[in-house]
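The values are calculated or read from the model by the stated rules, or taken from the named source; none is laboratory data. Computed from a predicted model, the values in this text were never measured in an experiment. Heads up, the Cβs are rebuilt from the backbone with ideal geometry, glycines too, and the neighbour counts pull from every protein chain shown.
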Amino acid sequence: MTDYSPAELDTLALHAGGKPDPATGARATPIYQTASYCFPDSDYAAALFNMERPGHVYSRLSNPTTAVLEERISALEGGVGAIATASGQAALQLAIMTIMDAGSHIVASSALYGGSHNLLAYTLPRFGITTTFVDARDEDAIRAAIRPETRLIFGETVGNPGLDVLNIPVVSRIAHDNGIPLLVDSTFTTPYLVRPFELGADLVMHSATKFLSGHGIVIGGLLVDSGRFDWDASGKFPQLSEPYKGFHNLVFTEEFGPAAFISRARKEGLRDFGACQSPTSAFYILQGMETLGVRMEKHVSNTRAVVEFLDSHDAVAGVAHPDLPDHTDHALASDLYPKGTSAVFTFAIKGGREAGIAFVNGLNLFSHLANVGDAKSLVIHPASTTHFRMDEAALAAAGIGEGTIRLSVGLEDPKDLIADLKAGLRAAEKVAGGRG
Amino acid sequence: MKLVSSGKDTYLYTNNKTVDPSKPSVVFIHGAGFDHSVWTLFARHFSRHDWNVIALDLPGHGRSEGPVLESIEQMASWTIELIDTLGLNNVALVGHSMGSLITLEASSRLGDRVTHTVLIGSISPMPVSEPILDATANKPGAAHSMLTSFGFSKQNLMGGNPNPGMWMVSESMRRYEDEAQSALDSDMRACNAYQRGLEAASEITAPTLMLHGDADRLTPLRATKPLQDALSNTRMDIIPGAGHSLMVEDPNHVLDQLKIHLL
């Protein structure tokens with residue numbers, strides 16, 4: 001399902017969706033820091049409100065700066081359209097709220113970002129939306145978890161933090177066999193490493209805070225619609241295929257064809273839930289996206305150097321990265337993601353929790369914080385931070401141990417990164433009482 | 001709404017309103033491989049201004065029952081029968097690309113029942129190249145890519161969609177993918193075969209608006225002259241920087257011109 005594109009990724013990352021500013025000729029996309037927009041006349045205003053004209057009314061709904069970002073990620077992913085949200089979590093919530101009601105059910109991979117797990121496991125059930133978590137490698141488990149009220153399958157391109165590779169062609173086939181879409185979180189991979197729509201996914205979300213931006217200075221999310229899922233044929237999504245009282249009985253599939261989902265997400269989700277992205281945030285994300293290709297190439301090559309170093313070090317009990325032949329998904333990753341699988345991965349230090357803490361404290365270049373995908377290298381101990389709400393069983397299901405360390409490999413010189421890791425490992429070895 | 005016309009289930013987008021023959025009416029006719037939804041913005045506007053809006057799905061397209069009609073003449077006959085079924089005596093016809101050829105043919109036959117004619121991205125004759133015909137017959141994915149690639153101006157292929165957040169390249173691909181391969185192939189051959197366009201144009205008495213992008217790469221602006229010359233009461237409006245997909249490349253300009261011409 002390779003889509004037509006007018007240019008290659010590096011070119012789209014710089015140009016798609018943006019033109020020199022028509023008002024000033026500014027080459028960079030300006031920050032349109034405004035809440036609202038003047039109407040030329042009353043009929044024009046009425047036409048904007050009644051969806052007779054495209055344009056901007058109020059920046060909760062759309063904004064010229066965020067629109068460039070939305071169009072650019074759509075171009076990079078090969079989607080019909082996108083919505084920029086206040087965060088990656090807001091993108092996930094927007095996707096769910098657009099196609100679900102109380103009583104709806106989700107089947108999700110158990111290998112998820114802790115924040116996504118919280119939303120699905122604890123928060124959404126308060127609103128009547130429940131989730132069954134499954135091992136996304138287990139086709140039978142996915143099929144068995146699907147119920148008549150299931151409306152979505154959700155997973156991450158590479159699961160956080162064990163890098164479980166989502167077999168998108170297989171999981172999307174299961175979803176489509178059951179008349180439901182597959183939503184994929186592609187935060188770790190970005191369109192540089194994989195374009196999930198080409199593998200069968202229907203919706204893609206990103207935390208744009210991470211690799212898409214690369215600078216770690218902004219919070220933002222993106223939700224992209226492939227336009228391929230047949231909401232009418234499914235018969236399970238009256239939100240899109242039947243009259244919507246919230247907009248004069250508009251039927252989204254009738255009026256917007258392949259853009260039905262993303263249109264309702266904007267007309268209802270942004271309008272009513274309001275988790276929009278600020279134009280300044282969109283501007284920052286656009287600056288990062290311009291260099292996506294060259295950054296991701298360096299992230300991947302640095303990661304390969306770091307993985308190779310750690311995998312051969314005596315103080316390391318194991319490294320979980322699909323580049324390694326002993327990773328469960330090595331063959332699948334080579335097939336689906338030939339350019340690499342991410343610069344975020346985990347490894348286990350011999351000596352358990354105390355050795356892990358000593359390792360983190362012994363680092364200098366790696367910043368100890370709760371983020372990934374920065375140009376700077378990052379480190380964290382998931383069991384005590386990002387995944388601390390998960391019980392032991394959930395942690396185990398997500399492939400996280402007490403001594404698991406997560407690295408996000410940045411763009412520094414790999415020799416310096418390895419020197420820093422050596423220092424951390426020496427500290428860990430002291431706590432662990434020597435090698436082994 | 002759905003109705004039976006020419007013995008087939010036919011879908012019309014009417015903005016959820018019943019067609020009232022006492023009101024002014026505008027019939028929107030889509031291009032090859034597309035359906036009614038390319039007209040949503042414009043139909044909503046004229047509906048709010050108390051016009052009957054009828055954005056039809058040609059047989060075998062969108063939500064209308066097939067089979068597809070194989071010639072522009074057949075499509076025009078079907079459109080006229082639909083207008084008769086709706087009891088409309090005064091209609092404006094708006095057509096894009098292949099729909100503009102249907103508009104030409106139907107307007108020439110309907111005579112003074114047509115109040116206004118609008119031809120968007122129209123030339124006549126409308127030859128279709130052999131590589132495209134080969135692709136629509138044998139390589140649908142390649143056909144969708146070719147038509148999408150040439151369907152926009154080079155400038156607009158890189159985006160800047162006035163509809164916030166929309167990437168019109170992929171939207172165009174999805175629209176082609178959603179239609180039956182046979183419909184697109186048949187439509188393209190119908191455009192290629194239709195030779196009566198200039199004769200039909202000479203018979204049209206209604207004021208005619210031609211809307212064209214100056215960067216149209218499927219129906220180049222320079223090829224519009226024979227049609228302009230054949231129409232006796234026409235005005236040409238050229239949209240700068242736009243290609244063949246005017247309703248998505250510059251919908252505000254299209255709507256402004258439709259308002260000038262129809263309202």
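Listed here are the helices (runs of 4 or more DSSP H) enclosed by region A:106-200 that have at least 1 residues being outside the structural domain of A:ALA383 (by TED's automatic domain parsing) and under 22 Å from A:GLY79 (Cβ atoms): A:114-118, A:168-177, A:190-193, A:196-199. Regarding A:GLY55, is this residue assigned to a loop (DSSP other than H, G, I, E, B) and within 12 Å of chain B (Cβ to nearest Cβ)? In short, yes. In the condition set (1) closer than 20 Å to A:GLY403 by Cβ; (2) without any contact (Cβ under 8 Å) to a residue 60 or more places away in the chain; (3) not β-branched (Val, Ile, Thr), A:HIS330 is compliant with all but (1). For region B:158-175, give me each residue that is surrounded by fewer than 24 Cβ atoms within 10 Å (Cβ to Cβ) and either among the aliphatic types (A, V, I, L, M) or under 16 Å from B:HIS30 (Cα atoms) (or both). Result: B:MET158, B:ARG174.
Cβ separations smaller than 7 Å between residues 6+ apart or across chains give the following pairs from region A:268-286 residues that are in contact (Cβ under 8 Å) with a residue 12 or more places away in the chain to residues that are aromatic (Phe, Trp, Tyr): A:PRO279/A:TYR32. One residue stands out among those in region A:229-247 that are of a type outside the set (A, V, I, L, M, F, W, C) and touching a residue at least 60 places away in the same chain (Cβ under 8 Å): the one that is farthest from A:ALA208 (Cα to Cα), which is A:LYS236.
Condition check for A:SER408 on (1) buried (at least 23 other Cβ atoms within 10 Å of the Cβ); (2) over 21 Å from A:HIS387 (Cβ atoms): one failure, at (2). Just one of the listed residues (B:VAL4, B:VAL19) is more than 20 Å from the chain's Cα centre (by Cα), in a strand (DSSP E or B) and on the phi < 0 side of the Ramachandran plot, namely B:VAL4.
Here is a yes/no grid of residues against (1) in contact (Cβ under 8 Å) with a residue 60 or more places away in the chain; (2) touching a helix residue (DSSP H, G or I) at 6+ places or on another chain (Cβ under 9 Å); (3) closer than 22 Å to B:ASP20 by Cβ; (4) hydrophobic (A, V, I, L, M, F, W, C):
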residue	(1), (2), (3), (4)
B:PRO59	no, yes, no, no
B:PRO67	no, yes, no, no
B:LEU86	yes, no, yes, yes
B:HIS96	yes, yes, no, no
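The set of residues in region B:238-252 that are without any contact (Cβ under 8 Å) to a residue 40 or more places away in the chain, farther than 22 Å from B:PRO125 by Cβ and either outside any loop (DSSP other than H, G, I, E, B) or more than 13 Å from chain A (Cβ to nearest Cβ) (or both) contains only B:ILE239. A count restricted to region A:106-123 and to residues that are surrounded by 21 or more Cβ atoms within 10 Å (Cβ to Cβ) and over 16 Å from the mean Cα position of the chain (by Cα) stands at 2. In this structure, is A:LEU92 away from every other protein chain (no Cβ under 11 Å), within 26 Å of A:LEU240 (Cβ to Cβ) and in a loop (DSSP other than H, G, I, E, B)? No, not satisfied.
Sub-9 Å Cβ pairs linking a first residue in region A:169-183 that is closer than 11 Å to A:PHE154 by Cα to a second residue that is acidic (Asp, Glu), at least 6 apart or interchain, are A:VAL171/A:GLU139; A:SER172/A:ASP202; A:ALA175/A:ASP202; A:ILE180/A:ASP202; A:PRO181/A:ASP202; A:LEU182/A:ASP202; A:LEU183/A:ASP202, ordered by first then second residue.
Filter region B:45-56 for residues that are assigned to a helix (DSSP H, G or I) and surrounded by fewer than 23 Cβ atoms within 10 Å (Cβ to Cβ); which is nearest to the other protein chains (Cβ to nearest Cβ)?
Checked region B:45-56; the qualifying residue nearest to the other protein chains (Cβ to nearest Cβ) is B:ARG48.
Filtered by the rule that a residue be closer than 17 Å to B:ALA190 by Cβ and among the charged types (D, E, K, R), region B:82-108 gives a lone residue, B:GLU105.
Listed by first and then second residue, the pairs with beta-carbon distance under 9 Å, at least 6 apart or on different chains, first residue in region B:150-172 and at the interface with chain A (Cβ under 7 Å from one of its Cβ atoms) and farther than 20 Å from A:ARG266 by Cα, second of a type in the set (Gly, Ala, Ser) and surrounded by fewer than 24 Cβ atoms within 10 Å (Cβ to Cβ), are B:LEU157/A:ALA7; B:LEU157/B:SER149; B:MET158/A:ALA7; B:MET158/A:GLY18. For region B:20-44, residues that are more than 9 Å from chain A (Cβ to nearest Cβ), under 21 Å from B:PRO140 (Cα atoms) and of a type outside the set (A, V, I, L, M, F, W, C) total 3. Beta carbons closer than 9 Å, at least 6 apart along the sequence or on distinct chains, pair a first residue in region A:391-419 that is free of Cβ contacts under 8 Å to residues at least 40 places away in the same chain with a second that is in a helix (DSSP H, G or I) for A:LEU395/A:PRO382; A:LEU395/A:ALA383; A:ASP413/A:ASN302; A:LYS415/A:ALA305.
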